[in-house]
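Asks: Here it is: the structure, laid out below.
The values are calculated or read from the model by the stated rules, or taken from the named source; none is laboratory data. Predicted, not measured: the structure shown is a model, and the values here were computed from it. As a convention, Cβ positions derive from the backbone with ideal geometry for all residues, glycine included, and neighbour counts pool all protein chains shown. Ligands, DNA and RNA are stripped out before the accessible areas are found, and what is left, the full protein with its side chains, is counted by its heavy atoms. Shrake-Rupley method; radii C 1.70, N 1.55, O 1.52, S 1.80 Å.
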Amino acid sequence: MDATTFPISTTWHIAFCALACIFFIIQYVRTKKSYQLLMAVAIPASLCIYILPENTSLFHAVGVFEAVVLVGAIVFAFIERARRRQENADTEPLPEEAAAEKTVSDKNNTAEPAEDTVKEEETSENSAESDNGENQ
């Protein structure tokens, strides 16, 4: 295999593939996005060309496999993005529901201070009456 196939040495290619595979597996465990699992398989699969470097059929088969997996990862990324947007839209209340909840909470908030105000007025009237009674 010549230097035009991979401009880095075999050792660096193996190290890169191992690091990338570990990274994508950790990302998959953390975020549960399936395209990351596909990438964790696709990147190390490029090492298969070192099995029989003279075999052009294997070389092209690995290339086709890589292309299919990368297109699959892109498709899965778009599908999961649409699914998450839909889930977020489903969990957010509709504008009418939000307005209705706000109106109900506003009514509840205004009713409570009104009761407190009535109690304060009664207390101030009682103290005013007691002050008047002491003055007489």
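Asks: May I ask you to list the residues in the range 16-55 that are assigned to a loop (DSSP other than H, G, I, E, B) and closer than 19 Å to A82 by Cα?
Replies: Listed by number, the residues that qualify are K32, K33.
Asks: Against the condition within 17 Å of I14 (Cα to Cα) and of a type in the set (S, T, N, Q), how does S34 come out, does it pass?
Replies: Judged against the criteria, S34 is not a match.
Asks: If you don't mind, there's one more thing I want to ask. Being open to solvent by less than 40 Å² (accessible area, probe 1.4 Å) and either touching a residue at least 40 places away in the same chain (Cβ under 8 Å) or more than 26 Å from the chain's Cα centre (by Cα) (or both) is the filter here, so list the residues in the range 64-96 that pass it.
Replies: E66, A77, E80
Asks: Moving on to the next point. If the Cβ limit is 8 Å and pairs must be 6+ apart or interchain, which residue in the range 1-27 that is modelled with pLDDT of 85 or more pairs with which residue that is of a type in the set (G, A, S)?
Replies: As it stands, the answer is H13/S46; C17/S46; A20/A40; C21/A40; F24/A40; I25/A40, since those pairs meet every condition given.
Asks: Only one of A20, A77 is of a type in the set (G, A, S) and touching a Lys or Arg at 6+ places or on another chain (Cβ under 9 Å). Can you tell me which?
Replies: A77
Asks: Taking the residues in the range 33-63 that are among the β-branched types (V, I, T) and open to solvent by 50 Å² or more (accessible area, probe 1.4 Å) as candidates, determine which candidate is modelled with the highest pLDDT.
Replies: Per the criteria, the residue is V41.
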